[in-house]
1. Assign unit charges at the C-beta atoms only (+1 for Lys and Arg, -1 for Asp and Glu), then state the dipole size of region 225-278 relative to its Cα centre in Debye, rounded to the nearest 20.
2. Please list, ordered by chain and number, the residues whose modelled amide H lies under 5 Å from the amide H of residue 264; skip anything fewer than 5 residues away on the same chain.
3. Just how large is the dipole of region 16-148 about the Cα centre, in debye to the nearest 20, putting +1 at every Lys and Arg Cβ and -1 at every Asp and Glu Cβ?
4. Which one, 215, 204, 179, is farthest towards the positive end of the dipole of region 176-220 when Lys and Arg carry +1 and Asp and Glu -1 on their Cβ?
5. How far apart, in nm, are two points set 7 Å out from the Cα along the Cα-to-Cβ line at residue 252 and at residue 358?
6. Can you tell me the dipole magnitude for the chain around its Cα centre, using point charges on the Cβ only (Lys, Arg +1; Asp, Glu -1), in Debye to the nearest 20?
7. Residue 174 to residue 112: extension gain in nm, 0.36 nm per residue of separation minus the Cα-Cα distance?
8. Over region 1-142, give the accessible area per residue in Å² for a 1.4 Å probe, as an integer.
Amino acid sequence: MDAEYMRMALDLAVKARGRTSPNPMVGAVIVKDGQVIGRGFHTRAGQPHAEIEALRDAGEKAREATLYVNLEPCCHTGRTGPCTEAILSAGIRRVVIAMRDPNPLVAGKGIARLREHGVEVTENVLYDEARRLNEVFIKYITTRRPFIVLKAAMSLDGKIATRTGESRWITGDEARRYVHELRDRYDCILVGINTVLQDNPSLTTRLPGREGRDPVRIILDSLARTPLDAKVVGNNSTAKTIIAVTGKASASKVQALREAGVEVLTCGDGPQVSLKELMAVLGEQSLTSILVEGGSRVHASFLAQKLVDKVVWFVAPKIIGGERAPGPVGGAGIARMSEAVRLSDMSVRTLGQDICIEGYPVWEKD
């Protein structure tokens, strides 16, 4: 029964997907005498945690009950008070946890606090599912760097555009709808300057039938070439735009972009934006995740520097052909097959007529 109730907690947690950053997604269920008497989930940063919502829902019935929660209850005061104290005050008898909180401020201290006061604590129920749900939070809270998702769409023969550069649309409606769900899920979306110059995208979220959340738009633009009339510069979204340049960018162009309301970050003095410097700055801004929708050069740069945490790859049943038609990953490429990036924990599914492959790169340690 522990697994069944924990799955309920996970299902509650996912209701706030894309809304809790920089906090994790957490759901809680309170059970007594085989009956669910309280439910709750963390809706967004600054709002009550899942345990508090579930305790409020259960009221006085919570005494001597069992609490199921997918992440270890906090024991420190942040924007809200410590959940451990609320649990103890409510008289909860047993707490079942999917995983410990990797946040150094918690990291087992919440469990220890509960056990010190006689609460029975069971750990690691649906542990793998809990880690996957909060993979963004785990990466961010332990490294202070964003979780990077590389998204690409290509034809059956590995092309992302025709020889003339036309790329709309390789995939069908269902695949493109899923991309907008990803934009709604992650904090930021990142493209290179060539995408802006060629396609002039809005980089907003459009979900039929419901309101989506626009991600922060990030443009890699070493020389500050983004036009002032580009859609990402205009006021077509409440989400801000960040343009990353290098020290070689024209001071006047940088100033013009800032006057247009864009945040400009200087990352490195070389010919290309320093991705590692940019990731550090974005982490300092509590931006926990980035959906990379760049072209082949941007993809190659992120992969070459081993910055990618997850891959979402679409394959459309179309054949484009042409030696000059670009592929999804540019750069110099590898010399030996042994150097190819392998994926683990893969999932494959169809979206309409397209295939969606998701997986996690296996990076060899330097």
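The values are calculated or read from the model by the stated rules, or taken from the named source; none is laboratory data. This structure is a prediction, so every number in the text was calculated from the model and none was measured. Counting neighbours? That spans all protein chains shown, and the Cβs are built from the backbone with ideal geometry, glycine included. Quick note on the areas: whole protein, heavy atoms, side chains included, nothing else; ligands and nucleic acids left out. Shrake-Rupley method; radii C 1.70, N 1.55, O 1.52, S 1.80 Å.
1. With Lys and Arg at +1 and Asp and Glu at -1, about 80 debye.
2. Answer set, sorted by chain and number: 243.
3. On the way: 20 positive and 15 negative charges, 94 e Å.
Charge dipole of region 16-148: 460 debye, to the nearest 20.
4. 179
5. Spacing of the two 7 Å Cα→Cβ label points: 4.8 nm.
6. Values: 50 positive and 44 negative charges, 109 e Å.
Dipole about the Cα centre, nearest 20: 520 debye.
7. Working: separation 62, 0.36 × 62 = 22.32 nm, distance 4.67 nm.
Roughly 17.7 nm would be gained on extension.
8. On the way: 6330 Å² over 142 residues.
Accessible area per residue: 45 Å².
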